[in-house]
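Structure first, commentary second.
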Ligand SMILES: Cc1ncc(COP(=O)(O)O)c(C=O)c1O
């Protein structure tokens with residue numbers, strides 16, 4: 001890391017101050033980057049433009065992280081910026097109903113008709129929290145099932161089985177299944193089927209490995225939950241507006257949930273969470289609803305700056321409807337080339353992804369069969385090598401976490417070529433360091 005350290009002196013100085021303020025030096029664990037005990041620290045970012053970001057020392061990075069996959073239009077989008085600055089002229093937030101909230105809600109509902117009723121929050125975590133609460137209220141049951149590796153935000157009901165290799169963490173007590181593995185889903189139902197209020201799942205597992213559903217798997221979840229009066233929640237916080245103008249569960253994979261959540265790309269970098277779906281369930285969130293309880297809140301919910309930004313994002317994404325297949329194809333071509341290159345190099349690194357969403361994983365070995373469940377990925381995952389790979393990538397000015405990230409409409413062919421070249425150099429270094437052991 002000598003080169004990285006020499007070129008990031010201002011970041012290092014900030015890190016040394018941050019570590020005294022924040023546990024682990026950060027306010028979101030994923031942003032810690034590498035192993036601080038081994039001298040790693042993150043670059044501090046000053047600005048972004050399109051697919052690139054710059055740090056305080058003036059280093060430029062190709063940004064695959066794209067604000068936790070939010071910036072599908074690229075950084076500093078002019079129309080989003082103008083919408084925010086215009087709105088800013090009228091103040092910041094009033095904590096009261098506002099017109100942009102209605103305009104954005106109508107736009108969102110047209111794009112996602114499953115949102116018969118919806119509520120806005122400031123984060124994804126709040127949205128999954130309220131979805132869980134509504135599910136418990138509606139069904140009168142308590143348990144919530146989730147997939148191994150499924151990250152739904154810092155939501156107390158769902159923060160378990162998140163880290164490879166997903167062995168039980170005694171602090172949390174939850175109910176999980178392995179995504180794409182019908183048998184493990186059946187086992188969960190056999191044991192807890194009567195107590196489950198809901199099953200929450202991302203249509204494509206995001207942070208848990210960029211794993212797409214096997215044909216029929218989501219339909220299976222739908223049928224098995226419906227027949228037992230268990231609600232199905234699709235967490236579309238990553239997948240919403242990522243693969244098409246709308247949601248992926250119904251629009252790409254043909255399955256309709258009872259409730260769904262949105263965030264990230266739906267407001268292009270501004271803080272947003274959405275939860276919504278069936279009117280009969282959402283009705284329980286209303287004040288004084290019969291059978292309702294306390295659902296909702298948030299000083300910063302329906303924040304006018306987020307609402308106008310979201311509207312500006314959706315207006316542009318709607319115009320780009322026809323460009324989504326090209327964006328997905330770009331990601332898939334990248335993934336194919338990446339894995340061909342890594343296979344020729346004979347390094348135990350594998351790209352997994354769907355459309356424009358890509359994760360690069362260091363493994364103990366690359367199996368002959370494709371990896372289709374988070375459990376299999378977890379069992380093969382080499383966390384130490386992964387940390388080293390992330391550090392090398394940063395040194396090569398590829399900004400990514402969780403193994404890489406997602407393409408935006410702003411990434412061009414040169415970004416792709418440079419990323420491949422740089423990953424090749426990283427893989428060579430990793431190959432050599434492994435051979436040297
Ligand atoms: C699928 C999914 N759900 C929920 C969340 C939580 O969203 P937020 O970080 O806005 O609370 C995330 C964030 O990474 C996510 O990827």
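The values are calculated or read from the model by the stated rules, or taken from the named source; none is laboratory data. Just so it is clear, the model here is predicted, and its values are computed rather than measured. Ideal geometry is used to build each Cβ from the backbone, glycine not excepted, and the neighbour counts take in all protein chains shown.
All of 164, 192 fail the test of being more than 16 Å from the ligand (Cβ to nearest atom) and more than 15 Å from residue 375 (Cα to Cα), apart from 192. Of the helices (runs of 4 or more DSSP H) lying entirely inside the range 1-99, those containing at least 1 residues that are in contact with a strand residue (DSSP E or B) (Cβ under 8 Å, 6 or more places away or on another chain) are 9-18, 66-69. Scanning the range 195-217 for residues that are more than 14 Å from the ligand (Cβ to nearest atom) and at positive phi returns a single hit, 216.
If you scan the range 99-122, which residues turn out to be free of Cβ contacts under 8 Å to residues at least 12 places away in the same chain and under 20 Å from residue 235 (Cα atoms)? Walk me through how you get there before you give the answer.
Here is the first cut: in the range 99-122, the ones free of Cβ contacts under 8 Å to residues at least 12 places away in the same chain are 99, 102, 106, 109-110, 113.
Those that are free of Cβ contacts under 8 Å to residues at least 12 places away in the same chain and under 20 Å from residue 235 (Cα atoms): 109, 110, 113.
Restricting the search to strands (runs of 3 or more DSSP E) fully inside the range 100-216 and requiring at least 3 residues that are touching a helix residue (DSSP H, G or I) at 6+ places or on another chain (Cβ under 9 Å) and at pLDDT 95 or above gives 117-121, 143-147, 196-201. Among the residues of the range 130-154, the ones that are more than 8 Å from the ligand (Cβ to nearest atom) and within 16 Å of the chain's Cα centre (by Cα) come to 4 in all. Considering the range 400-429, the residues that are at pLDDT below 95 and in contact with a strand residue (DSSP E or B) (Cβ under 7 Å, 6 or more places away or on another chain) include one that is surrounded by the most Cβ atoms within 10 Å (Cβ to Cβ), namely 403. Exactly one of (1) touching a strand residue (DSSP E or B) at 6+ places or on another chain (Cβ under 8 Å); (2) within 27 Å of residue 96 (Cβ to Cβ); (3) away from the ligand (no atom under 16 Å from the Cβ); (4) not in a helix (DSSP H, G or I) is unmet by residue 282. Its number? Condition not satisfied by residue 282: (4). For the list (1) in contact (Cβ under 8 Å) with a residue 12 or more places away in the chain; (2) within 16 Å of the ligand (Cβ to nearest atom); (3) over 22 Å from residue 408 (Cα atoms), I need the number of the one condition that residue 72 fails. Residue 72 satisfies every listed condition except (3). Listed by first and then second residue, the pairs with beta-carbon distance under 7 Å, at least 6 apart or on different chains, first residue in the range 19-32 and in the same structural domain as residue 43 (by TED's automatic domain parsing), second in a helix (DSSP H, G or I), are 19/25; 25/15; 25/18; 25/36; 32/24; 32/25. The listed residues are 346, 330, and the only one of them that is more than 17 Å from residue 100 (Cβ to Cβ) and under 22 Å from the mean Cα position of the chain (by Cα) turns out to be 330.
What number of residues in the range 46-65 are within 18 Å of residue 12 (Cα to Cα) and in contact (Cβ under 8 Å) with a residue 60 or more places away in the chain?
4
Total residues in the range 250-267 satisfying the condition of being buried (at least 24 other Cβ atoms within 10 Å of the Cβ) and either without any contact (Cβ under 8 Å) to a residue 24 or more places away in the chain or within 12 Å of the ligand (Cβ to nearest atom) (or both): the figure is 8.
Could you please give the count of residues in the range 218-249 that are farther than 15 Å from residue 118 by Cβ and within 11 Å of the ligand (Cβ to nearest atom)? Qualifying residue count, the range 218-249: 3.
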